[in-house]
Amino acid sequence: MILWINGAFGSGKTTTANKLHRRLPNSFIYDPENVGYFIRQNTNGLFSAGDFQDIPLWREMNYKTLRMINENYNGTVIVPMTLVNPDYYNEIVGRLISDGVDIKHYILYAKREEIRRRIKKRSFFRDEDFALDAIDRCVNAFDTHITDVKIHVDSMSIDMVVDKIASLSSLQLAK
């Protein structure tokens, strides 16, 4: 099974994925961003700027890698990744679903103000302009184009979010 945890930057995807992984036996986290870093580091600067999701190879590599993992791994793969372009969503998640892959796609959904608050809270450690600039794009995508199961996380703890994902996915968590 693949659990794709989507949401705006600052919605809690990575924290949720890490907690879910710690509580879910026979699971691991697959990070699609690593494919983007690989492409950038190995193409002599051809793709050094912009969002690596715009690189067709990034989408194809993630689709094929997740499909291969699904065919060869008898556990749960947790994928924390913001994916808001409906075409890109279809190229990866939609194709996996069409292939019969057991993929559960959840959107950690929060109000704009809550997302902004979370990003600013963590911005002490790094520049978060990209994340702040993407709030409206993300929320609009989840309101109009990518409308799978939304988990409203504004007033939920990470443990509550993890329990909700496990329940919706019929997964048994370790304490």
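Values quoted throughout were computed directly from the atomic coordinates according to the rules given, and no laboratory measurement underlies them. As the structure is a computational prediction, the values presented were derived from the model and not from experiment. Note that we place each Cβ from the backbone using ideal geometry, even for glycine, and neighbour counts take in every protein chain shown.
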With θ set to phi - 60°, apply the Karplus curve 6.51 cos²θ - 1.76 cosθ + 1.60 along region 45-52 and write out the HN-Hα couplings as whole Hz, x wherever there is a Gly or Pro. x, 4, 10, 7, 10, x, 7, 5
On the formula 1/(1 + (r/R0)^6), with r taken between the Cβ atoms of Glu71 and Thr144 and R0 of 35 Å, the FRET efficiency rounded to 0.05 is 0.60
Under a crude label model (7 Å from the Cα following the beta-carbon direction), how far is Asp99 from Arg117 in nanometres? 4.0
Can you tell which of Ser157, Ser11, Ser27 shows the greatest fluctuation in a Gaussian network model of the chain with Cα springs below 10 Å? Ser157
Between Leu83 and residues 5 or more places away or on another chain, the pairs with built amide H atoms under 5 Å apart involve Gly7
Would you please give the residues with an amide H less than 5 Å from that of Lys150, counting only those at least 5 places away or on a separate chain, with H modeled from the backbone geometry? Ile107
Pull up all non-local amide H partners of Lys104: gap of 5 or more, or a different chain, and H-to-H distance under 5 Å with H placed in the peptide plane. Ile2, Leu3, Trp4
With -39,500 (n - 2.57) per DSSP H segment of 4 or more residues and division by the full residue count of the chain, the 222 nm estimate, nearest 500 deg cm²/dmol, is -13500 deg cm²/dmol
Rank Leu108, Leu57, Leu20 by mean-square fluctuation in a GNM of the chain with C-alpha springs under 10 angstrom and give only the top-ranked residue. Leu57
Quick one: putting +1 on the C-beta of Lys and Arg, -1 on the C-beta of Asp and Glu, what dipole do you get for region 2-168 around its Cα centre, in Debye to the nearest 20? 540
R0 of 22 Å, Cβ-Cβ distance Ile158-Asn34: FRET efficiency to nearest 0.05: 0.45
Table column - 3J(HN,Hα) (Hz), region 7-24, Karplus curve with 6.51, -1.76, 1.60, x for Gly and Pro: x, 5, 4, x, 7, x, 4, 5, 4, 4, 4, 5, 5, 4, 4, 5, 9, 10
Largest fluctuation, Gly50, Gly36, Gly94 only, Gaussian network model of the chain with Cα springs under 10 angstrom, belongs to Gly50
